[in-house]
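Enquirer: Here you go, one structure.
A short reminder: the numbers here are calculations on the coordinates, not readings from a lab. What you see is a predicted model; the values in this text were computed from it and never measured. Reconstructed Cβ throughout: ideal geometry from the backbone, glycine too, with neighbour counts over all protein chains shown.
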Amino acid sequence: MSRVPGVFPVGGRRLVVYVVFDRRGGVDDYVPYALAGLREHAAHVLVVVNGSLSDEGRGKLEAVSDEILVRENVGFDIWAHKDALDHVGSRLSEFDEVLLTNDTWFGPVRPYAPVFDRMGERATHFWGMTDHAREDPNPFTGKGVLPYHLQSFWIAVRREMFLSEEWARYWRELPEMPSYFDAVLKHETIFTDHFAQLGFTHDVAYSAAEIGTKNPSLYRAEALLDAGCPVMKRRPFMQWPPYLDRHAVVGRWTLEKAAQYGYPMELFWENAARTIPPKDLNTDAAMLEVLPDYDRGYDPEAPLRTVVIAHIFYVEMTDEMLDRADTLPGDYDLVVTTPDPERASAIAEALARRGHRRGAVDIRVVSSNDGRDQSAFLIECRDVLLGDDYDLVVKIHSKKTPQDGFNVGRHFKEQQFDNLLNSQGYTANLVSLFQKEPGLGMVFPPMIHIGYPTLGRGWSVNKEGAADIAQQLGIFVPLDDISPLAPFGSMYVARPQALRLLISHPWTYEQFGGAEAYKDGGLAHILERIPAYAAGELGYHVRTVSTTEYMSISHSSLEFKLDEMSVTTPGYAYEQIELIRLAGFVGTGSRSDFARMYMRVNFPGTGARVREIMASDTLAGKVARAVRRPRATIRRILGR
């Protein structure tokens, strides 16, 4: 069938349908920023909200839209677009172009106008912002072909197509999409080819062929921005880090590019902190800051009011800890917590010997040492942290870890103190991070891994408890999979405001238990893993920090360990990880362990079916359960 494509007419009317999803029912500020710019190019803006919408969120959207439709969160943005089209109904004929888009991108990083003007002059039935090249085999299914397609986060359709019967039929027959992969395989990857086969023409603003990669929105986001693309997708900052590592995608460079073009980066960080697992974000965006020992950016004209909260159990470490604190630029107040009056007296004497201080001192004897530095911080210093007297809090404690041996304990202590308070120049650089980034909530050293088996088990047995605490505190930030982004060692520098959810909760010493409860699974160890998630919920992002010396030690160790662990597994790191995770827990390497791993890799799903049979009351189930019993038992079951 011959179909004549049209241009966007001078003075034409564009309908923008923009889909929003926030599990909290809110609206992060990057959304109204994106919509405010789009509204200049639209006759009507319809925002579709998947799920609930708070009054505050509605207020943000009403300022930048003409209509808001709230619907049940089913079918992802695809079914939201379908419901929007049904909602508009016959009014659709009033428009010359319909733009179907969503909240999976940040923008405008570059101006919208050049794109709308350029694509408006092209005669086409529908166009996209970016496209994806054909792939064989289909990476989602491992077989067949992934067809060339326009990416569905931005599809603009002209009236010759959206008023056609073929268009109406497509949406009328749209299948259900219970999973993300359904949305990709049942809509995004087939939409372009489906309408092309019907004779409709399509175009793209920034083609993969010209950029030189199969998926530029993921693999070459900086090149897109340089070419004038107004949007930056969220995907490069939430994709599985080993996969991005395979393709050498460095999110930090993309963010630097966006900042160069003038995008207000606080909008990015607020949303990313609230919606992306912190360790994923920390890796994808390369948020580790390796700081030198010479001051390269601290502004003495904009000092931050600082309090050091030091829990001192080992009194002999008092001078050592205060020497570290004295590397802070400017004055700071000091709050010391300690378990008993005798220690408090000894600490006061140590302070007196040191002479003049640069701020006020408050020594507090805790009501109980259950929970140690965690309870002292959250209970005894609650008044300090909930007030508005300070911009920064430095949380340190007298760490020795004698139970782990001299070398391990020494390394852990130095790893904490060196990476937070190493020297005057280093600490000034650390504080300057907070001066430069108002949305930076806290910094702490990278995950300890030398001397400890934290790699692969950073949550230990604390994840279930962390999920419970997060629910109690109203934290919706996704928990990381294997290990949390956390201040292992429980020392950090933070804005008190970023810790509000933790601080405002009425913790009690009874919840921490006695000395025997200070272990994995106990409240203190759970809370050690929560701060980054609590900060993220309030829109504050988190960075890890390191000295140049520690990074040289840490990287060398990590590189060698990864090299040794990779020697028996083929492929890129992400392929090795997928294979190892599929095989499951190695156990002791017994014959039964290897048999189970073999079945998981080569016959996935069989184990689940066997367990289902074993749990049943059928004859097969009785036999299966008897396999581990003596043969006589099996014969008795079979009646032989």
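Enquirer: What is the Cα coordinate range of segment 404-522 on the first, second and third principal axes, sorted by size from largest, in whole angstrom?
Expert: Cα extents, longest axis first: 40, 39, 29 Å.
Enquirer: Taking H as built 1.01 Å from N, whose amide H comes closer than 5 Å to the amide H of V49, not counting residues under 5 places away?
Expert: V20, L69, V70, R71
Enquirer: Compute the Kirkwood hydrodynamic radius of segment 320-411, taking the inverse of the mean of 1/r over all pairs of distinct Cα atoms, and give it in Å to one decimal.
Expert: Result for segment 320-411 stands at 14.7 Å.
Enquirer: I need the per residue convex hull volume for segment 470-606, using only the alpha carbons, in cubic angstrom as a whole number.
Expert: 199 Å³
Enquirer: Kirkwood Rh over Cα pairs of segment 14-206 into Stokes-Einstein at 20 °C, 1.002 mPa s: D in µm²/s?
Expert: In µm²/s, the coefficient rounds to 125.
Enquirer: In addition: If segment 540-610 were replaced by its equivalent ellipsoid, with semi-axes equal to the square roots of 5 times the Cα gyration tensor eigenvalues, what would those be, largest first, whole Å?
Expert: One finds semi-axes of 34, 16, 11 Å for segment 540-610.
Enquirer: Sticking with this structure for a sec: Put one equal scatterer on each alpha carbon of segment 289-555, apply the Debye formula with no solvent term, and list log10 I(q)/I(0) at q = 0.08, 0.10 1/Å to two decimals.
Expert: Taken in order of the listed q values, log10 I(q)/I(0) reads -0.29, -0.47.
Enquirer: Is segment 62-171 rounded, prolate or oblate when judged by the Cα gyration tensor, a ≥ b ≥ c being the square roots of its eigenvalues, rounded requiring a/c under 1.5 and prolate requiring a/b larger than b/c?
Expert: In terms of gyration-tensor shape, rounded.
Enquirer: Another one. For segment 445-507, which trypsin sites (Lys or Arg not before Pro) pass both filters: DSSP loop (anything but H, G, I, E, B) and at most 14 other C-beta atoms within 10 Å?
Expert: Within segment 445-507, the qualifying trypsin sites (Lys or Arg not before Pro) (loop, at most 14 other Cβ atoms within 10 Å) are R457.
Enquirer: Take the alpha carbon gyration tensor of segment 181-331, find the square roots of its eigenvalues, order them as a ≥ b ≥ c, and report rounded if a/c is under 1.5; if not, report prolate when a/b exceeds b/c, else oblate.
Expert: It is prolate, given that a/c is not under 1.5 and a/b is the larger ratio.
Enquirer: Stretched out fully, how many nm does the piece from A352 to R13 gain, at 0.36 nm a residue minus the Cα gap?
Expert: 114.5 nm is the gain from fully extending A352 to R13.
Enquirer: Would you be so kind as to identify which of L455, V393, A428 lies farthest towards the positive end of the dipole of segment 351-455, taking Lys and Arg as +1 and Asp and Glu as -1 on Cβ and the Cα centre as origin?
Expert: Highest projection toward the positive end goes to A428.
Enquirer: Can you give me the three principal axis dimensions of segment 145-242 from its C-alpha atoms, in Å, biggest first?
Expert: Largest first, segment 145-242 extends 40, 30, 24 Å along its Cα principal axes.
Enquirer: In segment 101-174, which GluC sites (Glu not before Pro) are in a loop and have at most 16 other Cβ atoms within 10 Å, using DSSP for the loop call?
Expert: E121, E173
Enquirer: How about K436: which aspartates and glutamates have a C-alpha closer than 16 Å to its C-alpha, ignoring those fewer than 8 places off in the same chain?
Expert: Reachable aspartates and glutamates: E256, E266, E270, E289, D295, D299, E301, D391.
Enquirer: Compute and list, largest first, the equivalent-ellipsoid semi-axes of segment 6-79 from the alpha carbon gyration tensor, each √(5λ) rounded to a whole angstrom.
Expert: Computed over segment 6-79, the values are 24, 14, 9 Å.
Enquirer: What shape does segment 231-304 take by its C-alpha gyration tensor, where a ≥ b ≥ c are the square roots of the eigenvalues and a/c under 1.5 counts as rounded, a/b above b/c as prolate, and the rest as oblate?
Expert: Verdict is prolate for segment 231-304.
Enquirer: Which links in K186/K233; K82/K279; K399/K519; K463/K519; K400/K561; K279/K463 stretch past 24 Å when you go from one Cα to the other?
Expert: Beyond 24 Å: K82/K279; K400/K561.
Enquirer: Rule-of-thumb check for segment 39-127: C-alpha Rg over 2.2 N^0.38 Å?
Expert: Its radius of gyration relative to the 2.2 N^0.38 Å reference: 1.18.
Enquirer: Tell me the label-point distance for the pair V4, E256, using the 7 Å Cα-to-Cβ offset, in nm and rounded to one decimal.
Expert: In this crude label model, V4 to E256 measures out at 5.2 nm.
Enquirer: Could you give the length gained by full extension between E549 and F594, i.e. 0.36 nm per residue of separation minus their alpha carbon distance, to one decimal place?
Expert: 12.1 nm
Enquirer: Which of M599, M119, M321 comes first, and how do the rest follow, when ranked by fewest Cβ neighbours within 10 Å?
Expert: Going from least to most buried by this count: M599, M119, M321.
Enquirer: Continuing with the same structure: If you keep only loop residues by DSSP, which trypsin sites (Lys or Arg not before Pro) in segment 323-418 have at most 11 other Cβ atoms within 10 Å of their Cβ?
Expert: Taking segment 323-418 and a limit of 11 other Cβ atoms within 10 Å, no loop trypsin sites (Lys or Arg not before Pro) are found.
Enquirer: Quick one: Karplus J couplings for segment 555-572, per residue in order, coefficients 6.51, -1.76, 1.60, θ = phi - 60°, nearest Hz, x for Gly and Pro?
Expert: 5, 4, 5, 4, 4, 5, 4, 5, 4, 5, 6, 8, 5, 9, 10, x, x, 5
Enquirer: Next question, about the same structure. Once both labels are modelled 7 Å past Cα along the beta-carbon direction, what's the R246-R91 spacing in nm?
Expert: Result for the modelled spin labels: 4.5 nm.
Enquirer: Express the C-alpha Rg of the chain as a ratio against the empirical globular expectation 2.2 N^0.38 Å, rounded to two decimals.
Expert: 1.13
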